[in-house]
1. Only one residue in A:L1, A:L64 is touching a helix residue (DSSP H, G or I) at 6+ places or on another chain (Cβ under 6 Å) and either part of a loop (DSSP other than H, G, I, E, B) or at pLDDT below 95 (or both), so which one is that?
2. (1) surrounded by fewer than 20 Cβ atoms within 10 Å (Cβ to Cβ); (2) closer than 30 Å to B:A242 by Cα; (3) of a type in the set (A, V, I, L, M): which one isn't true of B:L497, the others all being true?
3. B:G141 passes all but one of (1) in contact with a His (Cβ under 9 Å, 6 or more places away or on another chain); (2) at pLDDT below 95; which number fails?
4. Go through B:L489, B:L427 for me and flag whichever is surrounded by 14 or more Cβ atoms within 10 Å (Cβ to Cβ), among the hydrophobic types (A, V, I, L, M, F, W, C) and over 16 Å from B:G368 (Cβ atoms).
5. Just to be sure I understand the filter: pairs with C-beta atoms under 7 Å, separated by 6 or more residues or on different chains, first member in segment B:339-367 and within 19 Å of B:E400 (Cβ to Cβ), second member modelled with pLDDT of 95 or more and basic (K, R). Which pairs pass?
6. Please pick out the residue among A:T546, A:T529 that is among the polar types (S, T, N, Q) and modelled with pLDDT of 95 or more.
7. If you go through segment B:617-639 one residue at a time, do you hit one that is polar (S, T, N, Q), in a loop (DSSP other than H, G, I, E, B), under 22 Å from the mean Cα position of the chain (by Cα) and crowded, with 24+ Cβ neighbours inside 10 Å?
8. Having 2 or more residues that are of a type in the set (K, R) and more than 30 Å from B:S665 (Cα to Cα) is the bar; report the strands (runs of 3 or more DSSP E) wholly within segment B:74-165 that clear it.
Protein chains: 2
Amino acid sequence: LAERGLEIPLSELWQEPQGGLFRAAVGLGGCSGAFVSAAGLVLTNHHCVFQAVQRNSTPQNDYLTHGFIAHKQEEELPGHGVKVYVFVKQTDVTEKILGQIPKDADDLVRYEAIEMAQKALVKECEQVPSRRCQVSRYNDGLMFVLLENLELRDVRLAAIPPRALGEFGGEVDNWRWPRHTMDFALIRAYVGPDGQPAAHAESNVPFQPERFFPLSKQGVEEGDLVMVVGTPGRTARYRTSAEVRQDEQWFYPKRAEVFGEWTVLLETLCRQEPETCLPGASRLKTLHNTLTNARGMMEGLRRGRVVGKRMEQEKALLEWIGQDAGRRERFGNVVSDIEAFVDSQKDGRDRDFLLRYLTWGVHGLSFGRTLTKWAAQQNLPDEKREVGFQERDKDRVRAELEEAGKSYHALVDQRTLAMLLQRVGALPGQERIAGFDQALKGDYSPVAIDRFVKRLYAKTQLGETPKRLALFGVAQDKLAQSRDPLIRLAMSLGPELDAYDERFKREQGAQSRLRPPYIQAVSLWRGKTFYPDANSTPRVSFGTVTGYSPGEAEHRTPHTTLAGLVAKHQGISPFDVPAAVLEEARKQPGLPVCLLSNSDTTGGNSGSPVLDGKGRIVGLNFDRVYENIAGDYGYNEALSRNVMVDARVISWYLEAVAGAKSLLSELGI
Amino acid sequence: LAERGLEIPLSELWQEPQGGLFRAAVGLGGCSGAFVSAAGLVLTNHHCVFQAVQRNSTPQNDYLTHGFIAHKQEEELPGHGVKVYVFVKQTDVTEKILGQIPKDADDLVRYEAIEMAQKALVKECEQVPSRRCQVSRYNDGLMFVLLENLELRDVRLAAIPPRALGEFGGEVDNWRWPRHTMDFALIRAYVGPDGQPAAHAESNVPFQPERFFPLSKQGVEEGDLVMVVGTPGRTARYRTSAEVRQDEQWFYPKRAEVFGEWTVLLETLCRQEPETCLPGASRLKTLHNTLTNARGMMEGLRRGRVVGKRMEQEKALLEWIGQDAGRRERFGNVVSDIEAFVDSQKDGRDRDFLLRYLTWGVHGLSFGRTLTKWAAQQNLPDEKREVGFQERDKDRVRAELEEAGKSYHALVDQRTLAMLLQRVGALPGQERIAGFDQALKGDYSPVAIDRFVKRLYAKTQLGETPKRLALFGVAQDKLAQSRDPLIRLAMSLGPELDAYDERFKREQGAQSRLRPPYIQAVSLWRGKTFYPDANSTPRVSFGTVTGYSPGEAEHRTPHTTLAGLVAKHQGISPFDVPAAVLEEARKQPGLPVCLLSNSDTTGGNSGSPVLDGKGRIVGLNFDRVYENIAGDYGYNEALSRNVMVDARVISWYLEAVAGAKSLLSELGI
């Protein structure tokens, strides 16, 4: 690393338990970020705080469209739920978890024992005020780690570029390189006057982080070392061929098919009924993003021949296992057991796919399910309740029920439900969903679905936020008397949704049983341990600024500039640079906008600081290239590339466009 | 040109009237092609003869899937309507046409006078047997040219690669570079034993062309000169800003919107009702192709700031005109007249867009309109009939009515009509279509449309080919008594469709009145004449083999190879290389597959031979790059690139994959 340009000893980057420079890297719950000043300023992506900007925006003060700069701290805007998590420490709790699993536990019991043990550890850990804790599973259950974070819940918006820059290129450029997107935001974390985390209050003061990263003025060039620090969410580097095959041949194609239809449905509806556009926008963005992801996965897995290569590896592994009686006994079935388990799941997977997206995608069903399930779960002692339905979740669930009002539109809901019901109607006999079969009397013709859906929404009150919130936390027997058709539907679907939840638990239990021995076998065979799959825990990836060739006859270089931004400008969204920015951009055509490296990232790395060998921020991670989507299944030297905002364009924007003198001086620029 | 590598004197390429090497370039009616042997062998694109291959294919002999090679001439397959047009000569007929326009003619009279004069010239010209003639308009009516072609109507298929190669990359790679598509086919033209064009007959013999192009074994490299010879269809290089603005802001967005919905409709229907896939396939391909074209047009026009640049030119032109009284009088209104005309068209353009695509896209309406219009037109003397409805068109129209049976599917038709009717219902008051308003009693709700459409198709017999053909050419009064609902609908829409046809004629008339003076003014201003817009007449473009940069941080080189084909292979359509081909391809990874040049091409150049400086075929044109779609509005040195099959991969396929010894020896390889 020193040869490649790392000028800081590794021990100064991070060392247990005292920490190090990386203490300045923070989590944002699904995103990453970094302290960039001694006064709690945090750099992250525009898309990570998008919702907060939206909630601050009104037609009079449209910060989403025009951007926002706080020239003084008093001008900062409320964060509307944005939270900053400062990593405190981690503890190996493997023994404490595994010791709780009863002998001869079936997969459900196994799952529940692990869950129970985890919940107990989290509860104990969260006795400390403002401490948020989680138990993370490494290598699918070979190791369990308790992670402790300090939760800073008064977070405010300090600098936001206009959406036209923060989302420049939109869905067209999403997952692509070259990029010209200024996907950055500056937010600030506050604490009480006593220095302790506190709810939003006038009297709060900026949080003083232990460490922060300086912003580089020089940037990096092709060939330079970079480090990406953050909390990548989930990779699948150690799946067996059977698992990858199912993903490639069933899961992603199914998702691409359904989400493809779904995006068109929302787009068409938005054109025909413009009042559905705004409520549907956020969902549409997620669908588009996931759709492109699914397509990239399929293409990448096929082109990379991932299944074939895994099969070859497994053949070699099994040969090695077969050479020794002890290995044969311990590991003889590690591959075939997983394959058998994958096969055993096939029968219900189309139904479960639909159940998953019915409760995710149809707000009415989601409301009904949340309210009825909460009512049922609240009867249990807290430690027996499911994750997500405990007392610690109450405020969050209520807030979600409230906020969902902004993305609810009855017509969007009806059309979405109708589209999914058409698929429910086509499920084979053994996968029927009785609750729907009864409600529709088995008639899934377009006319019957249309009538059913219309009747459902004509009478429901769950679309009205106060009425919906009034039903949150009411006693189960009282809710059972509700005549609201969506509550009644959720109740009649209850047994099937409970069974779905149980199948999910069994699957998790099975994986925690089947995958650790497989990982152990691979590890022994290879004679080394290897980094665990991403699991939302802090990681660092060392990479190099470099271009790539996405295929024959194409080469892409690792830097874009303001000249390229100007050239991409079309005057209409998503390629519409505001006139004032265009004017400034023309003055400094060579200034870097985005850059590319071969660092290993995935979802969750959004907002990750990218450091040079001196530990200065030279970039801000926000995406990967299309050819690297399937990189979740394996790092590829030729194609694994992450996309970053160049730190220099952030300074340029603050200076030349926004005239944000005080922020610049706070950043030391 | 000699410096750039042209080793043949221009006079040997072409000279009026004796001709030259380019005599070997032929037309295929919408496509181009080239004689490549002394025995009538013609090289063109796979996609130009796709339909003929499809019509020869059966489940037992599936040439579409597996490809086809005639090892002897007797094995060649029938061309099912493929025709080869050998260019004979051209004559300036400007005076003969313009002399027929009455003074003070309005635009309709003007159009009809031109049409009438053209028809008379064509009729006279076609007195010679097997002569097909057309009058082409240059520079929108500054000049008219009579083109004479020899029509060879016994054409047979000699060599066709499997669809997986001929269409490799499908819609994903369509309009893109890099490409790995072997979009070629070899066909052979036959004549009667007397050497005269004849209908298909056993006794026919191969046509002996005056000239043919040899196939190069060496190919070309980056920087080499190439010549693309063919019949480009239509460009818009001299439109005014008002016209381009309408295209950019109304026409292409409208097309993209409607075709976007339409493609999804056909794709969804194909998934839900698989028997609709095959009949809908060809339409879907056209829609996809046109959709991508529309998107590319919008992007290219916006990024290229074409409207803004035209406005600047017009400002300079008007300044020059204003400097002189004579110019002011003659040309003072050339720009504003066109703008006023474009403005005058705005009111009905959405309605006319729908009328156009209703009769194009809904087979039932198309049948009804053709039958009823033919019945009306046949009452007129032949020279008074509309183009396309004369005696010379009878066989073609009947054949089209028959062949359309293969792409007709009642359900596809119903859904398409319903989708378009929803848009008809949304037309503003002054654009209402009375025929539909009456038929639907003004109720365009989804339920009412559904009911209307179902009733229409429940009773019609036009979907049955023999019954449809039986109605072709029957007397108008007899047809008027038909109770077929599609005939009745076509009749009740008749006045509106006639009015639409008349508006189209008036528009053509207006353009022939307004655009020549504009072109003249520009020409005088610039002090030079310039090449006329493409109009399906023979052209040559001299270019250079070269890569390009589609945008910042991206560079594309001008050659792909078999290694790239193998790398793109995914095992599923449209990236599925047959196993035997894959095996051969792995043996010669460096062999070129496709190449790129900066030649100036457009639609109609499909199948154009691409020659090196010695006049040998080094490539076969088949596409343009996405960034060059808007090149129709102006050649762009940096982005105008055409895509070709490298001649070397054609030889390789014939030799290594197909073992086509006799064809190779005929080609001199």
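1. Working: A:L1 fails: touching a helix residue (DSSP H, G or I) at 6+ places or on another chain (Cβ under 6 Å).
On inspection, the qualifying residue turns out to be A:L64.
2. (1)
3. Single failed check for B:G141: (1).
4. Details: B:L489 fails: over 16 Å from B:G368 (Cβ atoms).
The match here is B:L427.
5. Close Cβ pairs (under 7 Å, with a partner that is modelled with pLDDT of 95 or more and basic (K, R)) amount to B:T359/B:R369; B:F367/B:R468.
6. Values: A:T529 fails: modelled with pLDDT of 95 or more.
One residue alone meets the criteria, A:T546.
7. No, segment B:617-639 contains no residue that is polar (S, T, N, Q), in a loop (DSSP other than H, G, I, E, B), under 22 Å from the mean Cα position of the chain (by Cα) and crowded, with 24+ Cβ neighbours inside 10 Å.
8. Working: elements: B:84-92, B:131-138, B:143-152, B:154-160.
It comes to B:131-138.
The values are calculated or read from the model by the stated rules, or taken from the named source; none is laboratory data. For clarity, every value in this text was computed on a predicted model and none was experimentally measured. Please note: Cβ atoms are built from the backbone with ideal geometry, for glycine as well, and neighbour counts cover all protein chains shown.
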